[in-house]
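The values are calculated or read from the model by the stated rules, or taken from the named source; none is laboratory data. Here the structure is a predicted model, which is why all the values come from computation and not from measurement. Note that each Cβ is placed from the backbone with ideal geometry, even for glycine, and that neighbours are counted across all protein chains shown.
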C-alpha cells in the first residue's frame with residue numbers, strides 16, 4: 001500500500017503496517033468484513049505511485065505490473081494510460097487537482113471600493129434628494145417671506161446657495177442652529193434631510209465594513225493560460241505521480257507548453273510528498289503546486305502561510321482502488337462497493353473524510369479580513385482632509401491678520417488726518 005491522499009496508516013509494528021485509515025482505509029476495513037478475508041500490507045516501492053520509464057512502471061504501479069501485490073489499497077486516479085497494467089473497481093469519488101499559490105499578502109489599494117457599497121442608482125438618488133430638498137427649502141423660505149408680516153421675516157435674509165449648503169451639511173451630519181428660527185415647513189424639510197442622511201450613512205457604513213472585511217482574494221491569474229502568460233511563477237507537481245503524467249501525455253496546447261517550460265525541466269526536483277510541495281509554496285518565491293483540494297484541507301494547519309487555489313486552474317479526475325490486470329477479484333470488489341454505496345455508508349465516508357476537508361479549505365483560504373492596506377485610502381483621505389483644513393485655517397488667519405493691519409493703518413491714517421486738520425484750524 002501507499003499512504004496517499006485518502007489513505008493513512010493508523011497502526012503499525014516497527015515497519016510492518018497493521019491497519020490503515022482515512023476514506024480508503026475505512027472502506028477497505030468494511031470490505032474485509034463483508035468478504036471475510038485478511039490483508040497483508042506491503043509498502044509501495046519508492047513510496048510513490050510511479051511513472052512509466054520505457055514501458056516499465058516504477059513505484060506502486062510497478063508492483064501491480066509485476067503482480068507483486070493483488071490490490072492497491074489506496075486512492076489511484078483513473079487514467080487510460082494505466083489500463084494496460086491496472087484493473088479499476090467502480091469509481092469512488094471525484095477529485096479536482098488545483099493549482100495552489102500563496103495568498104497575496106499585500107492587496108493593492110482600491111479607491112473605488114469606497115463607492116462599491118452603493119450602486120450607481122443609489123448615488124444618483126442621493127444627489128437627486130439633495131437637489132430636491134434644496135429647491136424645496138428655497139421655495140418654502142421664499143414663500144414664507146411673502147406671506148409673513150414684514151417684521152417677522154426680516155431674519156429670513158438668505159441667498160440661493162445657503163439652502164444647498166444647509167442640506168449638504170445635514171447629509172454630512174454637521175450640527176446647525178440657524179434653522180431653529182425658521183418656519184415650521186422649512187424646519188420639517190431640514191429634519192427630513194437629517195433623517196434621510198442618517199439612514200443612508202448607517203446603511204453605507206454597514207455595507208462598507210462588510211465589503212472591506214470580506215474581500216475576495218485577487219490573484220494575478222485565474223487559469224492555466226493566464227499563468228503561462230504571466231511567466232514569473234514556478235510550477236511543481238508530485239514526483240512520479242499521475243499529475244506529472246497528465247501534463248506529459250496531454251494533447252492540450254496549453255498543457256504541453258506548461259510541461260515543457262515548468263515541469264520537464266525540473267523532473268528530478270519535484271516534491272516527493274504533498275506536504276513538501278505545500279511547504280515550498282510558503283518558503284519559495286512565487287512557487288505554485290498542484291494538489292487535490294481535500295489533501296490540502298487535511299494539511300493546511302501544518303503550513304506557515306496562507307494559500308489559496310487558483311479557481312479555474314484544475315485537473316478533473318476520478319479516484320478509486322486498483323487491482324492487477326485481469327484480476328479475478330475485480331467483480332467481487334465492485335459488487336461489495338456498490339452494496340456499501342446503496343446502504344449510504346459510502347456517502348457518509350465521503351462526507352466525513354473528503355467533503356469536510358474541502359469545505360474547510362475553501363472557507364479558510366478564500367477571504368481576507370480588513371487590514372491596514374484595505375483601509376489605506378480612507379486613512380489617506382482623512383489625512384488629506386486634516387492637512388487641507390490646517391492650511392485653510394492658516395490662510396484664513398493670515399487674511400484676518402492682514403485685514404486687521406489694514407484697518408489699523410486706516411484708523412491711524414484717519415487719526416493723523418484729523419490731528420493735522422485740527423492743528424491747521426488752530427493755527428489759522
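If you filter segment 400-428 down to residues that are exposed (fewer than 10 other Cβ atoms within 10 Å of the Cβ) and in a helix (DSSP H, G or I), you find that the one that is modelled with the highest pLDDT is 424. Considering (1) modelled with pLDDT of 80 or more; (2) farther than 29 Å from residue 318 by Cβ; (3) part of a helix (DSSP H, G or I), the lone condition that residue 209 does not fulfil carries the number (1). Considering segment 94-114, and only residues there that are surrounded by 13 or more Cβ atoms within 10 Å (Cβ to Cβ) and more than 30 Å from residue 293 (Cβ to Cβ), the residue that is modelled with the highest pLDDT turns out to be 114. When residues of segment 313-328 are filtered for being touching a helix residue (DSSP H, G or I) at 6+ places or on another chain (Cβ under 9 Å) and over 21 Å from residue 7 (Cα atoms), how many remain? So the answer is 4. Annotation: of all residues in segment 145-178 being more than 14 Å from residue 189 (Cα to Cα) and surrounded by 16 or more Cβ atoms within 10 Å (Cβ to Cβ), the one that is modelled with the lowest pLDDT is 158. Residues that are in a helix (DSSP H, G or I), touching a residue at least 40 places away in the same chain (Cβ under 8 Å) and under 21 Å from residue 251 (Cα atoms) within segment 56-102 comprise 81, 82, listed in sequence order.
Within segment 345-390, the set of residues being modelled with pLDDT of 80 or more and touching a strand residue (DSSP E or B) at 6+ places or on another chain (Cβ under 8 Å) comprises 350 only. Taken together, 222, 229 contain a single residue that is under 31 Å from the mean Cα position of the chain (by Cα) and in contact (Cβ under 8 Å) with a residue 60 or more places away in the chain, which is 222.
Condition check for residue 314 on (1) surrounded by 15 or more Cβ atoms within 10 Å (Cβ to Cβ); (2) farther than 18 Å from residue 93 by Cβ; (3) within 21 Å of the chain's Cα centre (by Cα): one failure, at (2).
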